[in-house]
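The numbers here are math on the coordinates, done by the rules we state, and not lab data. Small disclaimer: the values here were computed from a predicted structure and weren't measured. Please note: Cβ atoms are built from the backbone with ideal geometry, for glycine as well, and neighbour counts cover all protein chains shown.
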Amino acid sequence: MLVADDSIFLSVDTVISYTIPPIPEDYIHRVERTGLSILLVNKYEILSYLEIERQHIGKKAALLWCPS
């Protein structure tokens, strides 16, 4: 596991985020050049994620629901 700041994301194949950044552009910047992006979202953050998906990504992502 690697924990890093935004500067490392330019050359990483997979990014796993466990929170949604308060500024949607930060999330987009982190994942735009990766091969695979995984975002762990709880039930309180799902609306924020859907807004990011609608405004910035432009396509639907695969959602996997996990029991809490």
Could you give the length gained by full extension between D26 and I46, i.e. 0.36 nm per residue of separation minus their alpha carbon distance, to one decimal place? 5.5 nm
Taking K and R as +1 and D and E as -1, what net charge do the other residues with C-beta under 15 Å from the C-beta of A61 add up to? 0
Positive minus negative residues near Y49 (Lys, Arg vs Asp, Glu; Cβ under 15 Å): 0
Under 5 Å from the placed amide H of L39, counting only residues 5+ away or on other chains, we find S17
